[in-house]
Amino acid sequence: MEDNKPVQNPLREIVDPFVNLIKAPRALWGINLSYLLEGITYFGILSLLAMYFNDLGLNDIQAGQMVGIQTAGITLAMLFLGATVDWIGVRKALLISLSTMLVGRVLLALAPQIGAPGLWQKAHIVAMLGILGVVLGYGIYQPACYAAVKQFTDKKTSAMGYAMLYAIMNLGGFLPGLISPPIRKNHGIVGVYWVYVALTVAGILVVAFILSKKTVEMAIANAREGQDEPVSEPETNETQSTKEKIVYYLKNFPVKDGRFMFFIFILIPVQTLFAHNWLTLPMYFERAFSGVVSNNFEFFVNFNPILIFILAPMVAALTAQKDTYKMMILGTTVMALPTFLLAIGPNIYSVFGYLIIMTIGEAIWQPRFLQWVAEIAPKNMTGIYMGIGQFPWFLTKVITSLYSGWFLTKYCPAGVTPEQTNTETMWLIYGFIAIISPIALLIARKWMGKGLEKQKA
């Protein structure tokens with residue numbers, strides 16, 4: 001007997017998710033605007049952070065470790081502070097997190113003028129206090145944003161909502177490549193950092209005035225109607241006692257599920273490529289190339305984010321009905337393989353080949369993974385689930401920061417001509433590390449298939 005299910009127009013499959021998203025409530029667009037401003041600020045500071053610490057008198061290895069402290073610290077903070085979102089609500093969490101990051105970024109901008117350079121000298125200590133502020137604030141901010149998407153979307157807008165948030169974050173990662181160079185050349189890294197302090201203030205104003213309490217309540221109500229569910233209160237545990245909250249959280253921690261834990265930890269090898277975007281690529285472009293590439297390394301570092309902004313929503317629309325696990329295998333494979341193009345040697349063609357193909361792979365798997373983690377979370381547990389889901393990312397940042405400076409010193413050192421570098425070996429090793437993830441996912445597909453979708457359901 002033939003299947004009488006109507007065939008969906010491919011163009012309609014792409015267009016409909018965008019149409020549904022455009023009709024989404026004001027609160028969701030407020031989250032997107034806040035996330036854009038924060039993305040510009042976060043990635044803009046991060047892309048210059050290793051050089052910033054070089055200016056404070058630290059060598060490549062020390063600077064890489066300091067950057068690793070921030071990036072790894074953020075993910076670790078998500079693990080412990082993600083529950084804050086579930087307890088106090090999205091709006092309060094966003095205001096607290098952005099205000100904390102504002103203090104941290106002011107300290108980063110002030111640090112070079114405070115004391116002498118050098119490891120653990122006064123300027124370095126003030127800078128690390130600034131890093132602490134960013135770590136604590138961002139540890140609340142990102143879980144709050146993903147919790148907001150879960151609350152403000154329904155079945156029609158959910159997949160595109162997560163994809164758009166991820167795309168917007170990456171647009172924020174691209175724009176510093178346009179903002180930073182002229183300011184850096186005239187006012188130095190500190191001048192750039194003061195611009196990002198101003199953008200943090202703008203982000204606070206967006207949350208304060210666009211994400212009003214009434215706007216948030218209306219968005220949640222509309223989302224529940226779209227899910228054909230009774231209107232409920234925001235995902236907070238205000239009616240529970242502290243003891244009840246603790247018991248509930250301990251009972252619902254996902255660490256007992258071996259498949260879930262394997263799923264999130266096996267992504268560490270391929271995720272090292274994300275860490276190299278700020279730990280390795282800025283110095284690689286500056287040292288292994290000359291001319292336009294070397295002088296405008298911010299553009300090439302941030303080429304990946306602008307591609308993600310373009311591709312992620314389109315890929316989400318085309319693959320929304322595809323099996324999550326198969327998309328994870330495909331996406332991580334496509335992301336890992338182009339690393340071997342850089343092993344050919346530093347040339348502009350292999351660089352663009354790597355950036356384009358890697359980005360396609362990232363667009364296939366990363367938004368789906370974030371959506372999956374948020375959607376399997378029990379009620380009032382979205383924040384902590386995002387924290388647990390991102391914990392392997394903490395380990396990735398720690399591990400990568402420990403060896404990236406050593407690899408740069410050995411294979412792409414400062415003070416030599418591009419011809420004297422040996423970046424081919426460095427990227428060959430990095431490629432073999434990244435390919436571990438898709439191979440392991442492929443080997444474990446049958447075991448994972450027995451329980452992964454059941455847990456999601």
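Rule-based calculations on the coordinates, nothing more; no lab input. Here the structure is a predicted model, which means the values were calculated and not measured. Neighbour counts are summed over all protein chains in view; Cβ atoms, including those assigned to glycine, are modelled from backbone coordinates with ideal geometry.
Through the Karplus equation 6.51 cos²θ - 1.76 cosθ + 1.60, θ set to phi - 60°, convert the phi angles of the range 419-436 into ³J(HN,Hα) values in whole Hz; use x for Gly and Pro.
After applying 6.51 cos²θ - 1.76 cosθ + 1.60, I find 5, 8, 7, 10, 6, 4, 5, 4, 6, 4, 5, 4, x, 5, 5, 5, 6, 4 Hz.
Quick one: grab the alpha carbon gyration tensor of the range 309-366, order the square roots of its eigenvalues as a ≥ b ≥ c, and give me rounded if a/c is under 1.5, else prolate or oblate depending on whether a/b is larger than b/c.
Because a/c hits 1.5 or more and a/b fails to exceed b/c, the range 309-366 counts as oblate.
Using 0.36 nm per residue, how much length does the chain from Thr409 to Phe352 gain when fully extended, once their Cα-Cα distance is taken away? Show your work: numbers first, answer last.
On the way: separation 57, 0.36 × 57 = 20.52 nm, distance 2.42 nm.
Contour length minus Cα-Cα distance gives 18.1 nm.
Compute the FRET efficiency between Leu318 and Val416 as 1/(1 + (r/R0)^6), taking r as their Cβ-Cβ distance and R0 = 51 Å, and round to the nearest 0.05.
On the way: r = 45 Å, r/R0 = 0.89.
The value I calculate is 0.65.
Starting from the Cα of Glu424, move 7 Å in the Cα-to-Cβ direction to define the label point; list residues of the range 341-363 whose amide nitrogen is under 14 Å from there.
341-347
Enumerate the calculated ³J(HN,Hα) couplings along the range 76-91 in order (Karplus 6.51 cos²θ - 1.76 cosθ + 1.60, θ = phi - 60°), each rounded to whole Hz, writing x wherever the residue is Gly or Pro.
Along the range 76-91, the couplings run 5, 5, 4, 4, 9, 9, x, 5, 4, 4, 5, 8, 10, x, 5, 4 Hz.
Of the listed pairs Lys150/Lys213; Lys92/Lys150; Lys122/Lys185; Lys150/Lys397; Lys122/Lys397; Lys397/Lys446, which have alpha-carbon separations greater than 19 Å here? Present the calculation step by step, with values, prior to reporting the outcome.
On the way: Lys150/Lys213 17 Å; Lys92/Lys150 17 Å; Lys122/Lys185 26 Å; Lys150/Lys397 27 Å; Lys122/Lys397 26 Å; Lys397/Lys446 30 Å.
Over 19 Å Cα-Cα: Lys122/Lys185; Lys150/Lys397; Lys122/Lys397; Lys397/Lys446.
Name the shape class, rounded, prolate or oblate, that the alpha-carbon gyration tensor gives for the range 149-214, where a ≥ b ≥ c are the square roots of its eigenvalues, rounded holds for a/c under 1.5, and otherwise prolate holds if a/b is larger than b/c and oblate otherwise.
Details: a/c = 5.55, a/b = 1.84, b/c = 3.02.
It comes out oblate by the Cα gyration axes.
Taking square-rooted eigenvalues a ≥ b ≥ c of the alpha carbon gyration tensor, is the range 33-90 rounded, prolate or oblate, where a/c under 1.5 means rounded and, failing that, a/b exceeding b/c means prolate? Display every interim value, and only then the final one.
Working: a/c = 4.49, a/b = 1.77, b/c = 2.54.
Cα axes put the range 33-90 in the oblate bin.
So if each residue of separation counts as 0.36 nm, and I subtract the Cα-Cα distance between Met218 and Val106, what length gain in nm does that give? Provide the component values of the computation, followed by the final result.
On the way: separation 112, 0.36 × 112 = 40.32 nm, distance 3.50 nm.
Gain in length upon complete extension: 36.8 nm.
Between Asn186 and Arg26, what length in nm is gained on full extension when 0.36 nm per residue of separation is reduced by their alpha carbon distance?
Extra length available between Asn186 and Arg26 comes to 53.7 nm.
Quickly work out the Leu205-to-Ser99 label distance, labels modelled 7 Å from Cα along the C-beta direction, and quote it in nm with one decimal.
Placing both labels 7 Å beyond Cα along the Cβ direction yields 1.8 nm.
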